[in-house]
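Written below as structure tokens is the structure these notes are about.
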Amino acid sequence: MEINKDKLDVIFELQASLDRDIQERRGLDFPMERWIQKDVLAMVSELAELLDEVNFKWWKNEKPVDRGSLHGELVDILHFFISMCIRAGMTPEDLYNGYIAKNKENFDRQYGRSQKKGYDVNEKEPE
């Protein structure tokens, strides 16, 4: 692995390698749609584990947030997210460019510069 390589490129390469290894060693062969379904379910499971780390259960006594566990759950979620990107045919550049465009659109929505209405804090609801 190159030291000066883009971090997102490295993450995609490592995830593709892990996914290939798991598929080959376990003899798994699913169509893309089924892989994404499985990744979504795995991600939902990881999201639930993340939620448990931040005291969402109001009926339980709170415990201090363990930042290490919190970070670990976020990394687990990223694994499945990147797998889905790869399976959907997205490259790191596609993800980056899509994020940049969507981030701009989200800012535009917040400042009323978008065709999509209902986001501008200065926009009044019709009476």
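The values are calculated or read from the model by the stated rules, or taken from the named source; none is laboratory data. All figures in this text were calculated on a predicted structure; none of them were measured in a lab. When we count neighbours, we look across all protein chains shown, and the Cβ atoms used for this are built from the backbone with ideal geometry, even at glycine.
Summary table below
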{"item": "First in segment 84-102 and under 13 Å from D6 (Cβ atoms), second anywhere and aliphatic (A, V, I, L, M), Cβ under 6 Å, 6 or more apart", "result": "P92/L8"}
{"item": "Residue that is farthest from N97 (Cα to Cα), among those in segment 5-24 that are assigned to a helix (DSSP H, G or I) and among the acidic types (D, E)", "result": "E24"}
{"item": "Counted residues, segment 74-107 - those being at pLDDT below 95 and among the aromatic types (F, W, Y)", "result": "1"}
{"item": "Single residue of segment 108-127 satisfying the filter (among the basic types (K, R) and closer than 30 Å to I82 by Cα) that is modelled with the lowest pLDDT", "result": "K116"}
{"item": "Candidates R34, R87, filtered to the one that is of a type in the set (D, E, K, R), surrounded by 14 or more Cβ atoms within 10 Å (Cβ to Cβ) and either farther than 30 Å from D120 by Cβ or more than 16 Å from the chain's Cα centre (by Cα) (or both)", "result": "R87"}
